[in-house]
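Working notes for the structure below.
The values are calculated or read from the model by the stated rules, or taken from the named source; none is laboratory data. Note that this is a predicted model, so its numbers are computed, not measured. Cβ: placed from backbone, ideal geometry, glycine included. Neighbour counts: every protein chain shown.
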């Protein structure tokens, strides 16, 4: 095998590990949410932030920069805000 083939295989392995870690982290979020009021806000926000970090790592391994991800998040937030505003206007009628 060529050296490049090993690099591709290594990246695939890393991507699969990140995906598995992300699933575990999402599972942790669901577990915390089932506990209701007994959870600490810090535990929940920690799980959410860890999931976001894993998504950034996954994007990086897939060839996307943090800036590209950030810009897409900002664009989607802006679209969501505009959609919510238009939905609110329609309900007023």
Check your understanding: Residues in region 30-37: is at least one under 30 Å from residue 8 (Cβ atoms) and in the same structural domain as residue 13 (by TED's automatic domain parsing)?
Key -> no
Practice item. Within region 1-11, count every residue that is in a helix (DSSP H, G or I) and exposed (fewer than 10 other Cβ atoms within 10 Å of the Cβ). Key: 3
Exercise for review: Could you check, for region 72-80, whether at least one of its residues is surrounded by 11 or more Cβ atoms within 10 Å (Cβ to Cβ), out of contact with any helix residue (DSSP H, G or I) (no Cβ under 6 Å at 6 or more places or on another chain) and outside the structural domain of residue 11 (by TED's automatic domain parsing)?
Suggested key: yes
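Sort out which residues of region 54-69 are without any contact (Cβ under 8 Å) to a residue 40 or more places away in the chain and either surrounded by 14 or more Cβ atoms within 10 Å (Cβ to Cβ) or touching a helix residue (DSSP H, G or I) at 6+ places or on another chain (Cβ under 9 Å) (or both), and write them in order of number.
Pass one, region 54-69, residues without any contact (Cβ under 8 Å) to a residue 40 or more places away in the chain: 54-57, 59-60, 63-69.
If the condition is that a residue be without any contact (Cβ under 8 Å) to a residue 40 or more places away in the chain and either surrounded by 14 or more Cβ atoms within 10 Å (Cβ to Cβ) or touching a helix residue (DSSP H, G or I) at 6+ places or on another chain (Cβ under 9 Å) (or both), then 54, 55, 56, 57, 59, 60, 64, 65, 66, 68, 69 are the ones that fit.
Return the only residue of 62, 58 being modelled with pLDDT of 95 or more and under 15 Å from the mean Cα position of the chain (by Cα). I'd like the intermediate steps shown before the answer.
Values: 62 fails: modelled with pLDDT of 95 or more.
Just a single option satisfies the conditions, and that option is 58.
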Exercise for review: Can you confirm whether region 22-44 contains a residue that is touching a residue at least 40 places away in the same chain (Cβ under 8 Å) and assigned to a helix (DSSP H, G or I)?
Suggested key: no
Point to revise | Number of positions in region 12-23 that are surrounded by 14 or more Cβ atoms within 10 Å (Cβ to Cβ) and under 13 Å from the mean Cα position of the chain (by Cα) | key: 3
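Given the options 37, 28, 42, name the one that is under 17 Å from the mean Cα position of the chain (by Cα) and more than 23 Å from residue 73 (Cα to Cα). Before you say what the answer is, go through the steps one by one.
Values: 37 fails: under 17 Å from the mean Cα position of the chain (by Cα); 42 fails: under 17 Å from the mean Cα position of the chain (by Cα).
One residue alone meets the criteria, 28.
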